[in-house]
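J.: Starting off with a structure, shown below.
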Amino acid sequence: MQGKRSFHNSRQSDAYMTAPNPIDAIEEDHALQLILCNVLENVADGLPAEVDFKCLGILVPVLRVGMPRQMQFEDDVFFPILRERVSIVFRTCEVLEQLEREHQADQDYAYELADELELLEQRRAPWNKEMLGYMLRGFFEGQRRHIECENMIILPLAREVFRDSDLQRLHEPMTIDEFVLGGRLSLRTVLKVSNPTG
Ligand SMILES: [Fe+2]
């Protein structure tokens with residue numbers, strides 16, 4: 001694509017942007033979210049006695065900051081640009097609307113889960129093991145389905161239809177918007193849990 005060639009030469013030294021192409025950067029954030037899902041699954045499997053309580057202090061801010069901001073970025077920046085390029089493809093717009101509804105529900109879910117994990121960290125025991133396990137599994141299973149859909153349908157579509165100017169518009173908030181930067185930085189902290197020596 002005409003856009004991608006020139007784009008790879010720009011601003012590669014950005015502090016929080018490891019992937020030079022912003023669509024790759026979104027895919028990278030999705031990979032971090034999937035790591036979070038794996039860590040949450042470990043917590044669910046370890047309830048009540050085998051939980052690594054130290055990791056909860058890292059997971060709670062990721063659920064309150066990293067995940068919600070990443071979803072907000074997709075809603076506010078990524079999807080609107082994609083809509084401009086695929087507005088005549090009716091089904092794509094329906095898929096985007098569904099993903100936006102999931103973002104809203106999942107942001108609320110992430111805050112509730114963060115509150116529960118914070119309580120678990122403080123009390124060192126779940127007030128209701130079955131309920132917390134159910135919440136954790138509902139969250140990470142839903143997230144995996146959501147991210148798989150975006151990785152299999154939305155990101156490849158964007159790679160096909162985005163022009164150079166679209167990539168620039170997508171890239172800019174990742175480098176100058178404190179809300180977006182803070183969210184991406186927060187997401188990366190999950191690596192401390194999945195790979196404590198990394
Ligand atoms: Fe999403």
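The values are calculated or read from the model by the stated rules, or taken from the named source; none is laboratory data. Because the structure is predicted, anything quoted here is derived from the model rather than measured. When we count neighbours, we look across all protein chains shown, and the Cβ atoms used for this are built from the backbone with ideal geometry, even at glycine.
J.: Scan region 31-52 residue by residue and report those that are in contact with a Leu (Cβ under 8 Å, 6 or more places away or on another chain) and in a helix (DSSP H, G or I).
T.: Of everything in region 31-52, those that are in contact with a Leu (Cβ under 8 Å, 6 or more places away or on another chain) and in a helix (DSSP H, G or I) turn out to be Leu32, Gln33, Ile35, Leu36, Val39, Leu40, Glu41, Val43, Ala44.
J.: What tally of residues in region 85-94 results from selecting those that are in contact (Cβ under 8 Å) with a residue 60 or more places away in the chain and either within 16 Å of the ligand (Cβ to nearest atom) or loosely packed, with under 13 Cβ neighbours inside 10 Å (or both)?
T.: 1
J.: Is it the case, given these coordinates, that Glu74 is more than 30 Å from Pro48 (Cβ to Cβ), touching a helix residue (DSSP H, G or I) at 6+ places or on another chain (Cβ under 8 Å) and within 15 Å of the ligand (Cβ to nearest atom)?
T.: yes
J.: Looking at (1) touching a helix residue (DSSP H, G or I) at 6+ places or on another chain (Cβ under 9 Å); (2) touching a residue at least 60 places away in the same chain (Cβ under 8 Å); (3) more than 14 Å from Glu150 (Cβ to Cβ), can you tell me which one Tyr109 breaks?
T.: In the conditions (1) touching a helix residue (DSSP H, G or I) at 6+ places or on another chain (Cβ under 9 Å); (2) touching a residue at least 60 places away in the same chain (Cβ under 8 Å); (3) more than 14 Å from Glu150 (Cβ to Cβ), Tyr109 misses (2) alone.
J.: Among the helices (runs of 4 or more DSSP H) lying completely within region 95-198, list those that include at least 3 residues that are at pLDDT 95 or above, within 16 Å of the ligand (Cβ to nearest atom) and within 16 Å of the chain's Cα centre (by Cα).
T.: 129-149
J.: Starting from region 117-138, take each residue that is within 10 Å of Leu56 (Cα to Cα) and list its partners that are of a type in the set (Lys, Arg) and assigned to a helix (DSSP H, G or I), counting only C-beta distances under 6 angstrom and pairs at least six apart or across chains.
T.: Cβ pairs passing all conditions: none.
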